[in-house]
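Here's the structure we're looking at; comments come further down.
The values are calculated or read from the model by the stated rules, or taken from the named source; none is laboratory data. These numbers come from a predicted model, not from an experiment. A quick note on method: Cβ atoms are made from the backbone with ideal geometry, for glycine too, and the neighbour counts reach across all protein chains shown. Keep in mind that these areas ignore ligands, DNA and RNA; they rest on the heavy atoms of the full protein, side chains included. Shrake-Rupley method; radii C 1.70, N 1.55, O 1.52, S 1.80 Å.
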Amino acid sequence: MTKGKVDALLGIVFGDEGKGKVVDYFTPRYDVVARFAGGPNAGHTIIFEGKKFVLRSIPSGIFDEGKINIIGNGCVIAPDLFMAEARELENAGYQLTERLHISRRAHLILPTHRVLDRAYEAAKGKNKVGTTGKGIGPTYSDKAARVGLRVGDIMENFEAKYQALKARHAQLLSDMGFEYDITEEEKLWLEGVDYMRKFHLTDTEIEINRYLAEGKSVLAEGAQGSLLDIDHGTYPFVSSSSTTSGGVCTGLGIAPNTIGRIFGIFKAYSTRVGSGPFPVELFDETGDTIRHIGNEYGAVTGRNRRCGWVDLVALKYAIMINGVTDLVMMKGDVLDGFSTIKVCTAYTKDGVTTTEMPYDTEGWEAVYEEIPGWNTPLTEMRTYDELPQAFKDYVAYLERELSTPISIVSVGPDRDATIIR
Ligand code: GDP
Ligand code: IMO
Ligand code: MG
């Protein structure tokens, strides 16, 4: 935590690295937690005291009653899903309305954005992105096309603005010959819009900068991962927002020189959900074992996550793009039973070998180095000293290769299974 600064916790691979767990764990050290990108395509799991929550739009700092949580201008928000998520927390006894502030500049996901998401995916056929179906791409497209609806629009003349954008979408869908019925969905969505009015819908960029001027500390919670970034990910198999450290500035309205530490979070192995190149993907029993032990099934969609070994080419690239100061390695415990572990050190294609992220990641194969596993259960361990030497050697190897310290390791899904070095 740095006073008067924004620290960021960013997924630096393909998402689902364990951001929710670590943000929740970090929250007591910060005054404010803020999401700066994405929307309900995210699924951030938090487990503590026998309870489990999966957050989509609400920041993972919400379980610490004293802290302000912000949904920043870089985010997109679906009122119906937001209402369901917020009510679940309210029913669990958490008071939100005073502590959860939403940017008026965040864009609204309409029911027809979700239909468009489905229609565009269907039109792409086998080249589909494998989106979460939450309307993310169409909403950010409308933002860039300067026709989107923002949270601030809820306050004035909303019905007319809504009908105008809905009609635009209806025309697009009719041109595509795509049939749909949003009658029920729309009712809930409009109820969600009403529900949102009870929250602080504010200029969160001004609020955050005021907090920083007062010496308060802010934790920016990433969504998705660097390789799903609209600019730096494996385009076109990406999400539609800026998920990297640059996105923290634009997605919250803070200046680059207010950024403090940048935590880059990754797993002791790799996963990807949805389509797109994934050179380390394992199609064998090892991949199935990692999926099974790591419980690698989508928190939002329930889809199988594709699994593979850790990828140094991808990690180096993401560390460079983000300016990562500290690494956080999750799910070491999932590899407990392996006598050897592989690490991808380069990619190769047509006789060419590279350690730099290629422009077109399609068709590259991973080159591996094999290192000893630890063959010891880690989940009950709570201090770095207790961890087996082979695990420490794995950490030291990655640190050396990545020229970045691994400051935190996680050995289980529970909040407590976190070790700071
Ligand atoms: P996020 O999207 O980055 O917040 O990550 P997800 O919640 O989608 O996926 C991470 C999954 O791994 C969740 O099911 C977590 O409960 C779980 N998890 C987090 N850290 C650990 C860990 O160190 N070990 C194990 N076994 N599971 C973990
Ligand atoms: P968290 O925050 C993993 C993937 C989708 C798809 C691509 C585009 O939980 O880490 P979208 O619906 O955003 O247009 O889908 O991005 N994707 C994620 N994968 N974790 C996520 O979020 C993701 N959000 C989007 O599977 O391949
Ligand atoms: Mg997730």
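The accessible surface of the range 276-317, taken with every protein chain in place and a 1.4 Å probe, is 47 percent carbon and sulfur. Within the shell defined by Cβ-Cβ distances under 13 Å, the residues around residue 82 carry a net charge of 0, with Lys and Arg each +1 and Asp and Glu each -1. For the range 1-54, the solvent-accessible area of protein heavy atoms averages 28 Å² per residue (probe radius 1.4 Å; ligands and nucleic acids excluded). If you add up the charges near residue 259, with Lys and Arg at +1 and Asp and Glu at -1, over every other residue whose beta carbon is less than 10 angstrom from its beta carbon, what do you get? Once positives and negatives cancel, what remains is +1.
Under the 0.36 nm per residue contour assumption, what length would be gained going from the current alpha-carbon distance of residue 384 and residue 400 to full extension? The partial results should precede the final answer.
Details: separation 16, 0.36 × 16 = 5.76 nm, distance 1.80 nm.
Stretched out fully, the residue 384 to residue 400 stretch lengthens by 4.0 nm.
Accessible area per residue for the range 221-266 is 30 Å², calculated with a 1.4 Å probe on protein heavy atoms, without ligands, DNA or RNA. What angle, in degrees between 0 and 90 and rounded to the nearest 10, separates the Cα long axis of helix 111-124 from the longest principal axis of the Cα atoms of the chain? That helix lies at roughly 50 degrees to the long axis. Working note: Debye formula, equal point scatterers on the alpha-carbon atoms of the range 25-133, no solvent; log10 I(q)/I(0) at q = 0.12, 0.13, 0.19, 0.20 Å⁻¹ is -0.47, -0.54, -0.99, -1.07.
What is the calculated FRET efficiency for residue 281 to residue 156, with r their C-beta to C-beta distance and R₀ = 51 Å, to the nearest 0.05?
0.55
Once each part is reduced to its C-alpha centroid, what is the distance from the range 255-272 to the range 355-421 in angstrom? Value for the Cα centre distance between the two parts: 15 Å. Modelled spin labels at residue 359 and residue 197, positioned 7 Å past Cα toward Cβ, are 5.2 nm from each other. Among residues other than residue 293 with Cβ under 10 Å from its Cβ, the summed charge is -2 (Lys and Arg +1, Asp and Glu -1). Spin-label model, residue 257/residue 348: points 7 Å from Cα along the beta carbon direction are separated by 4.8 nm. Against the main long axis of the alpha-carbon atoms of the chain, helix 204-213 sits at an angle near 50°. Roughly to the nearest percent, how much of the accessible area of the range 149-189 is carbon and sulfur, given a 1.4 Å probe? The value for the range 149-189 is 50 percent carbon and sulfur by accessible area.
Solvent-accessible area per residue for the range 281-380 at a 1.4 Å probe radius, Å²?
Numbers: 4800 Å² over 100 residues.
Heavy-atom SASA per residue in the range 281-380 reads 48 Å².
Suppose R0 equals 30 Å. What FRET efficiency, 1/(1 + (r/R0)^6) with r the Cβ-Cβ distance, do residue 171 and residue 144 give to the nearest 0.05? That pair, residue 171 with residue 144, gives E of 0.95. For residue 292, the accessible area of its heavy atoms, probed at 1.4 Å with every protein chain present, is near 130 square angstrom.
With both labels modelled 7 Å from their Cα along Cα-to-Cβ, the residue 163 to residue 95 distance reads 4.0 nm. As a calculated quantity, the FRET efficiency between residue 184 and residue 123 at R0 = 22 Å, using C-beta atoms, amounts to about 0.35.
Give the ranking of 141, 270 by solvent-accessible surface, highest area first, calculated with a 1.4 Å probe. Intermediate results must be reported in sequence, preceding the final value.
Working: 141 65, 270 5 Å².
Correct descending sequence by accessible area is 141, 270.
With unit charges on the beta carbons (Lys and Arg positive, Asp and Glu negative) and the dipole taken about the Cα centre of the chain, which residue among 245, 264, 233 sits farthest to the positive side? It is 245. Carbon-plus-sulfur accessible fraction, the range 54-106 (probe radius 1.4 Å, protein heavy atoms only): 45%.
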